[in-house]
Amino acid sequence: MAKFVLAGRANCPYYAKAELLADYLQKNLPNFRIHKMTQHPDNWEDWLADLCIKNGWKHTRSPIIWRELLDRGSKGLLIGGFNDFMEHAQAFYNVTSAMISDLMKDIAAENMQAHLELEEEEDNIRKQFNPLHIWITGASMPACYSLIPILASGDVFGATKDIWLHLLDEDYSQNALQGLKMEAEDLACHCLRKVTLHTITDDAFLQADFVIVLNDVLAKEDQCSEAHISEMKEQCAQYGAFIDQNSRKDVKVIVSGSSSVNLIALLIIKNAPSINPRNIVALPTQLELEARAQIAEKLSINSSVIKDVIVWGNISGINLLDLHLAKIYNYDSSIWGPSSFSRPLLPMIHDRKWMKNDMVTEWKKRKEHRSGLSAAHSIATALSYWQQDSDTGMVSLGVLSEGFFNLPVDIVYSMPVTFQNGDWQVCTYVTIQDEAKETLLQAAAELIKEKNIAFGISQEEKIVSEEHKEIIEQATSSKDQKEESSFLSGENPLNIQTPLDQLG
């Protein structure tokens, strides 16, 4: 099949004459197909220049005609201008055009009017199309594949809200993203109106309503922590600057991943000064889900009935799993109540040996088998909470510390919050068990050390009280901190220390 493309200025008489000839050929030849496009005279030269650069052609007039060679991967073969097309039709099809000049001008005027009416119609459609612009960085990561169907389904932002997905990643990932784009379009979800691919350029995060940061910049085997953090800082500085420059001022940013999540959120906050810091958060929800799944398996229940699990500290480093306020609903026991009735979780777990030993090992194994599905669910859940009017209950969130719980300020720290009316509030009523305070300060010390490396601070910042200074110094001076997990006995919080980055 011969497929030709005819493009030209909307008011060009020679485009009109070529159009008439092309229509005649398409009508009379079964294997001849023509695709026509017009450009406004003001835009024609720039459009033509871009087209020629892209295809390696040299052409300066209107119209331009080329053939799409479908059997060669759709590579275009330039025919040329009007005279070239006439010669081609005469040579191959023995057809020519005898349109007189006055008729050419009349049709050109009609084409121009039709073009303006089409532009007006498209402009009206664009005005009615007011989608949420959702940008996903690191879009080639597995979590993105699982996240797109959830966002497109309408369950997160509502079934009546259109979504424009912007998938951003490095140049070498664009082929993979092209496949992801086609699969997303194949979903045929009515909420998903458009999918575009991007690299980090000046228009990154343009009009963004939500930014989901999936980048996990993992340290190389022979890379020291300073070099790793420096590499990560450069990327996050770009993200923060473009978010600050191009996004909507009420943009909401969620950072998810397994490496330096708190620090990435902090770096974006520092490089996006015009964005409310409350709108940039790190996500520990996946840790919550993994812990709830372990407990649910032990109690032979569904993990969805376990609530108010808290993850404190550094999401991808030293953290603390706190169950002292955790509740369990619809538990099959001698005590029953309405659907709102709950019981404290810890008294339901009678196997203390399992809590102290086996749960740690099983919890570690669960982290090692992450494939992106639970991360996608965690992100979608957090986005959904951010949209709801009603109280969501207590969840964990990595937020910029303001001194709550007597913790250091100006670090992103995971703590309990509640979402309501498009905002979140720290649950300041939560009490910290005495046995847990040292771990919380060790997590703060680790975050301060990461921050100091990232910002080139040589001396420890004096942002903690004197009573905590000794603990902070002891935690930050450790040269060979080993990855370990331990639990406090009884009904105290579970102390899970999981440093993933050796910061010696």
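Can you compute 3J(HN,Hα) from phi for each residue in segment 161-172, using the Karplus curve 6.51 cos²θ - 1.76 cosθ + 1.60 with θ = phi - 60°, rounded to whole Hz and x for Gly and Pro?
Each residue's phi maps through the Karplus curve to give 9, 6, 10, 10, 8, 10, 9, 10, 6, 5, 4, 6 Hz.
Net charge near ALA109: determine it from the other residues with C-beta under 15 Å of the C-beta of ALA109, scoring Lys and Arg +1 and Asp and Glu -1.
Details: positive: ARG9, LYS17, LYS105; negative: GLU19, ASP102, ASP106, GLU110, GLU117.
It works out to a net charge of -2.
Please give me the summed charge of the neighbours of GLY158: other residues whose Cβ is under 15 Å from its Cβ, Lys and Arg +1, Asp and Glu -1. Could you put the intermediate results ahead of the total?
On the way: positive: LYS161, ARG193; negative: ASP155, ASP162, ASP209, ASP389.
Charge balance near GLY158 sits at -2.
Quick one: Cα centre-to-centre distance for segment 145-190 and segment 366-424, in angstrom?
23
Return the sequence-ordered ³J(HN,Hα) values of segment 267-283 in whole Hz as given by the Karplus equation 6.51 cos²θ - 1.76 cosθ + 1.60 applied to θ = phi - 60°, using x for Gly and Pro.
These are the phi-based 3J(HN,Hα) values: 5, 5, 4, 5, 9, 10, x, 8, 8, 4, x, 5, 8, 10, 9, 10, 10 Hz.
Which pairs, out of LYS249/LYS451; LYS252/LYS365; LYS36/LYS58; LYS249/LYS449, put more than 27 Å between their alpha-carbon atoms? Present the calculation step by step, with values, prior to reporting the outcome.
Working: LYS249/LYS451 25 Å; LYS252/LYS365 32 Å; LYS36/LYS58 20 Å; LYS249/LYS449 30 Å.
In this structure, LYS252/LYS365; LYS249/LYS449 lie more than 27 Å apart at Cα.
What net charge is computed for the residues neighbouring VAL412, neighbours being all others with C-beta under 13 Å from the C-beta of VAL412, Lys and Arg scored +1, Asp and Glu -1?
Taking every other residue near VAL412 into account, the sum is -1.
Taking the chain on its own, what percent of its Cα-Cα pair distances exceed 32 Å? Working shown, then result.
Numbers: 68223 of 126756 pairs.
Cα-Cα pairs in the chain separated by more than 32 Å: 54 percent.
For the chain, what is the mean residue ellipticity at 222 nm derived from helices alone (per DSSP H run of n ≥ 4: -39500 (n - 2.57); sum divided by total residues; nearest 500 deg cm²/dmol)? Spell out each step's value before the answer.
Numbers: 13 runs with 200 residues, N = 504.
Counting only the DSSP helices, I get -13000 deg cm²/dmol.
Express in Å², to the nearest 10, the accessible area of TYR14 obtained by rolling a 1.4 Å probe over the protein heavy atoms while all chains stay in place.
About 120 Å², rounded to the nearest 10.
Top to bottom by accessible area (1.4 Å), largest first, where do ASP332, ASP162 land? Could you put the intermediate results ahead of the total?
Details: ASP332 120, ASP162 35 Å².
Final ranking, largest accessible area leading: ASP332, ASP162.
Per-residue counts of other Cβ atoms within 10 Å, averaged by peptide: what ranking do you get for 227-235, 278-286, 259-267, highest first?
Working: 227-235: 17.7, 278-286: 24.8, 259-267: 27.2.
Descending mean neighbour count gives 259-267, 278-286, 227-235.
Amide H of LYS36: which non-local residues (sequence gap of 5 or more, or other chain) have their own amide H closer than 5 Å, using H built in the peptide plane?
Hits under the 5 Å cutoff: LEU6.
Quick check: at a probe of 1.4 Å, how many percent of the accessible area of the chain sits on carbon and sulfur atoms? Each step should come with its number before you reach the end.
Details: 11860 of 24750 Å².
Here carbon and sulfur together make up 48 percent of the probe-accessible area.
Show the residues, 5+ positions off or on another chain, whose built amide H is closer than 5 Å to the amide H of VAL255.
Excluding prolines and chain starts, which carry no amide H, the hits are VAL213, VAL281, ALA282, LEU283.
For ASP358, what accessible surface area do you get with a 1.4 Å probe? Give it in Å², rounded to 10.
80
What angle, in degrees between 0 and 90 and rounded to the nearest 10, separates the Cα long axis of helix 466-476 from the longest principal axis of the Cα atoms of the chain?
Rounded to the nearest ten degrees, it is 60.
I need the trypsin sites (Lys or Arg not before Pro) found in segment 1-64, filtered to DSSP loop residues with at most 12 other beta carbons within 10 Å of theirs. List each step's numbers first, then the result.
Working: sites: LYS3, ARG9, LYS17, LYS27, ARG33, LYS36, LYS54, LYS58, ARG61; in loops: LYS58, ARG61.
Answer by residue number: LYS58.
Going by average Cβ density within 10 Å per residue, which order do the peptides 407-417, 192-202 take, highest to lowest?
Working: 407-417: 22.9, 192-202: 15.0.
In descending order of packing, they fall as 407-417, 192-202.
Taking amide H positions as placed 1.01 Å from N in the peptide plane, with prolines and chain starts having none, which residues 5 or more places from ILE79, or on another chain, fall under 5 Å of its amide H?
Distant-sequence amide H within range of ILE79: ILE65, TRP66, ARG67.
In terms of the Cα gyration tensor, with a ≥ b ≥ c the square roots of its eigenvalues, is segment 270-368 rounded because a/c is under 1.5, prolate because a/b exceeds b/c, or oblate?
Numbers: a/c = 2.84, a/b = 1.58, b/c = 1.79.
Oblate is the answer for segment 270-368, as a/c is 1.5 or above yet b/c matches or exceeds a/b.
Listed highest first by mean packing, meaning other Cβ atoms within 10 Å per residue, what order do 439-451, 96-108, 244-256 come in? Mind dumping the intermediate values first?
Values: 439-451: 24.6, 96-108: 13.5, 244-256: 19.8.
The most tightly packed comes first, giving 439-451, 244-256, 96-108.
Provide the per-residue ³J(HN,Hα) series for segment 412-421, in order, calculated from phi with Karplus coefficients 6.51, -1.76, 1.60 and θ = phi - 60°, each as a whole number of Hz, with x at glycine and proline positions.
These are the phi-based 3J(HN,Hα) values: 8, 10, 7, 8, x, 9, 10, 9, 6, 6 Hz.
Compute the length gained on full extension between SER258 and SER274: take 0.36 nm times their separation in residues and subtract their Cα-Cα distance, giving the result in nm to one decimal. Mind showing how you got there, number by number?
On the way: separation 16, 0.36 × 16 = 5.76 nm, distance 2.74 nm.
Here the segment from SER258 to SER274 would lengthen by 3.0 nm.
The values are calculated or read from the model by the stated rules, or taken from the named source; none is laboratory data. Only a predicted model underlies this, so the values are computations on that prediction, with no experimental measurement involved. Note that each Cβ is placed from the backbone with ideal geometry, even for glycine, and that neighbours are counted across all protein chains shown. Quick note on the areas: whole protein, heavy atoms, side chains included, nothing else; ligands and nucleic acids left out. Shrake-Rupley method; radii C 1.70, N 1.55, O 1.52, S 1.80 Å.
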